Each structure stands twice: as C-alpha cells, then as structure tokens.
1. In the protein assembly as shown, what % of DSSP beta bridges are antiparallel (nearest 5)?
2. Which trypsin sites (Lys or Arg not before Pro) in the range B:300-359 pass both tests, a DSSP loop state and at most 15 other beta-carbon atoms within 10 Å?
3. Please get the size of the charge dipole for chain B, origin at its Cα centre, with Cβ charges of +1 on Lys and Arg and -1 on Asp and Glu, quoted in debye to the nearest 20.
4. Can you give me the relative contact order of chain B as a percent, contacts being Cα pairs under 8 Å and 6 or more apart?
5. Tell me which of B:L68, B:L118, B:L294 sits at the most positive position along the dipole axis of the protein assembly as shown, charges placed on C-beta atoms (Lys, Arg +1; Asp, Glu -1).
6. If you project the alpha carbons of the range B:250-391 onto their three principal axes, what span does each projection cover, largest first, in Å?
7. Helix B:159-173 sits at what angle to the longest principal axis of chain B, using alpha carbons and giving 0 to 90 degrees rounded to 10?
8. With each pseudo-label sitting 7 Å past Cα toward Cβ, what's the B:E256-B:R160 distance in nm, one decimal?
Amino acid sequence: MARDIYAYKCQRCGHLHYPYRMVCKACKENEHNEFDPVPLPKTGKLVTFTRLYNLPGDFEVPELVLGIVELENGIRITGQLRIDAPKNGMTVRGEVEVVRTEGYDHHYGMVFFAS
Amino acid sequence: MREVYAVGIGITTFTRLEYPLSEIAAYPAMMALRDAGLKDVDHLYVANMGAGRVNHQTGLASAVVDTLSLSPAGADAIENGPASGASAIKQGFMAVASGMHDVVLVTGAERMREVNNLEATEFVATLTHPLAEYIYGVTLPSLAGMFTRLYMEKYEVTARHLAMVAVKNQNNALLNEYAHIQQEITLEGILDSPESMTNNPYVADPLRFFDCCPVSDGGACVILASEEVATRLGKPLIRLAGVGQATDTHAVQEREDPTDLLAVRRAAARSFGMAGLEPANVDVAELHDAFTILEIAESEEVGFFPKGEGHLALERGETSLTGKLPINPSGGLKGRGHPVGATGVAQAYEIVLQLRGEAGQRQVPEARIGFTCNFGGFGNNVVCLTFIREN
C-alpha cells in the first residue's frame, strides 16, 4: 500500500498547513480538529540541500543528504534525498519510507529521488 | 517601567569543565557578586537547556541558589534553547523594571561535554520540529548547511567569506583568556592549501569544520539592579536599555523566504525601538555565530548592513576588531565557545566589559553602545539586547 504524508486543510478558510498546527495560521478561527487531512503531492522542485557528515548516533550510515523540496501545490517539506548529485531547482519525486529507526520505533517520512 | 542596570559580571573559562553543572552556574555568579560588591540578591534566574537530558539533573535553579547560599531568594530556571541566556536576562529585566525586585542575578550554564560529540549534536537537534525535521536526521548544522547553500546562491557569498568570519573570530578569541578555542588559523590553512580538505573537512556542506562553533562547557553571569542600587554601588552605569524578542515558524521549510531570518529582524527592531536608538548608533556587537554564515546574515537582519551586503562589509574589514563596527570581539560562539544556556549571558558579559572599558587587548575604543543577538532554534526564537553606557 502506498503511504502518504498529510497536509492539513482548515475547515473554516481552506488554508493548507504542513506541518500540523492546532490553530489555523490564516484565520485563527477554527476549533481543535477542524482540519481535513489532504495527502501531499509527491513531486516538486529541490529548494536547497546539504550532505551531512556528522549524524545523530542512531543513524548507522556515514552520511545523509537532506533537502527542502517545494511540492507541486506550493507546500515545502524537508526530506531525505537519495540523489547522487543533487542540484537546487531540479525536479524530484518522493516516496514515503522508513527514515529513522529508534529501537522498535520506525519513523516514516518522505524520501526523494531524481525524476 | 524603572531603568535597569548591569552592576556585576562573571564568567568561567569555556572549555571542557570537570566540575558539576550547578558549580559551573555558581562560579560566575560568585565572581559577579564580588564584582558588584553584593552578598545578597532578591531573585535568581538560571539559564540552561540540557540539565535534565544531558546531566540528569533537574531543578537546577534550586541547586544553584543553595550552592551560593542565597536562600531564601526566589529562583527559576529558564529554557529557551540556545537563546536561554538572553531570555533569562529578559526575565531579570522585567523583574527589576516592574519594581518587583531591586537586584536580580542571571546566570547561564551548560555542561555539554559530559556526553560525546554525537550525543551533544543529537541533544541540540531535539530543538527541531519532531515530525517535519527531527525524524529525518535533521541537526542544527544541517539546517545551517541548507541555509548557507541558498544564501551563497542568492547573495554571492563564497566559501572565502565564511572562512574570513572563522579567521576573524578565532583570532579575536586569542585575546580572550576565557575563550574555548585558542588556535590561530589562516585562510591558507583552512581554505587555500592542499591540506585544507584534511584540516577543514565538510560537516554539512557547504559548511566545513571551521564554519561551526565548538561544543563547550561554561557559565556566565550578569547581575541586574535598579537605578538606586546601581548608583549606590558606584560601578560605571551600564543601562540595559532595549530588550526585544520575536519568534518564527518552528520548521524552517515553512518560511516564506528561506534566506530571511525574520525573528532576528523583529527582535532587533524591538530592542532598538525600546532603547530609542538605531543600528547605526552601535559601537560594538556580539552576534550569534554558531555557524559563520549566521554572523553575516544577522549583521544584515539587525540592520547594520543592507540585506545581502554583510559579506561585503566583512571583506572591507568593518567588522574586525579595528573596524568601524567590531562584531564578536570576544571570539563569538565560534571562538569563545557555545555552552548553549550560557551563550546569551556571555554575550552580555562581553558587552558590559567593553562598555566599562575593561576588555584589555580586545577593547573597542570609546565603546558606549553595545548590542547582542542570541539566536534560539534555527532562528525561531531570538532575543536582542541593547546596552548604553551612561557616565
């Protein structure tokens, strides 16, 4: 089953949020939970990235490429990149995969590939 | 509101310290009490970020107030990430300005070297957004790396400009006996020579080893008091004239222009506004250079230079110790070190020292107005302070 990362649409004014917040940034009118989850698109453009060599202890890899991607609908998301030679502005396609494992906890997040 | 003055200062060496966290907080407080000529205070604020997580100690303020035999004075710990120090000074300012207290001691301390480098980086990374950043392995250096890449592209900042900040601040640190890094570096050694890739490897590209501040232990203290107390103590009158704070989105990706540091811009404007001053009035500044790019970007956002021109002012030498506006004479976070909870207080320590004219070899001549910018998270919670020497 394909997994998704969700943005949250305010039921009062329609403003789309990612990540989730409890009060709408645009109208500040909504009550708790007055958001509809909307799956984020998977393709977009790479805004910026870094190759990180000093990783938190639970990553058992020598380096990690991280980036910020502007998705088709204008929402920006931080994710891991599996791209050999990333370049700002390139088109990327995402998939939801396990991005971090802490003991028995698997955290899912967006991983981007060159498209 | 009443006027608030800095009447006493103290600091530890920033390095790896082998004594308990509560003593790292208490030692500079003892120095500051002696400096001010005081034996008692009305209230104490302890700035710290990691006591519970890194040092397995909670209730730090209660430990410190008793270590100093200052009971029954009130005591609170203040946590605002790497801006905990200036946040605690802000609390002290409000307590004195409101008339609730006459003398408030603000001490900041951190003991991060108790854990290894990976754990320290991981501990600071817990500041990032838990779901939108942290789970991906995002750390503060990685946020700074992504920011730097965009900044270089947009404003033609080069690796040489970044290295120039590192050289300037580490060389300033050589004039500061309390600074963590006591190592002279050159552009040749960290950038131009064939050995530079070994000397200065990438940490979060385009940021390299010498673009990042060290992980330090250390403490710093500033005592704040009412005008009546300050006048009675007879020290030079250094007034904390402006306190400004502002926040921005938790996740960096959400910022409309990811090269803007809006919280810095707003906190600085509020601080200058309260003090009735302009950025052009400042004689000496301590900016939060956890990464070299931040000194350049903050020097623009606080209003010293137009946006995109901070690196040009650096190139012209305006921010060096002998320049028009010396930035980070103490060595900054880069040279003095960055024990997160202590940093904001250490910045204020340096400014008070400079305005008193007691900074020795790194004294900025005739400095009368000083400014600090303490940057929490990756720019999501920023506190700026403006100090004026009155007599």
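1. In the protein assembly as shown, approximately 80 percent of DSSP beta bridges are antiparallel ones.
2. B:K307, B:R316, B:K324
3. Once rounded to the nearest 20, the dipole reads 560 debye.
4. Over chain B, the number comes to 26 percent.
5. Of the candidates, B:L294 comes out farthest on the positive side.
6. Answer, in whole Å and largest first: 44, 31, 30 Å.
7. Around 30 degrees separate the two axes.
8. Label-label distance for B:E256 and B:R160, simple model: 3.5 nm.
Any read-out appearing in this document is the output of simple, stated calculations on the displayed coordinates, not a laboratory observation. Since the structure is predicted, the reported quantities are computational estimates derived from the model, not experimental observations. Backbone-built Cβ (ideal geometry, glycine too); neighbour counts: all protein chains shown.
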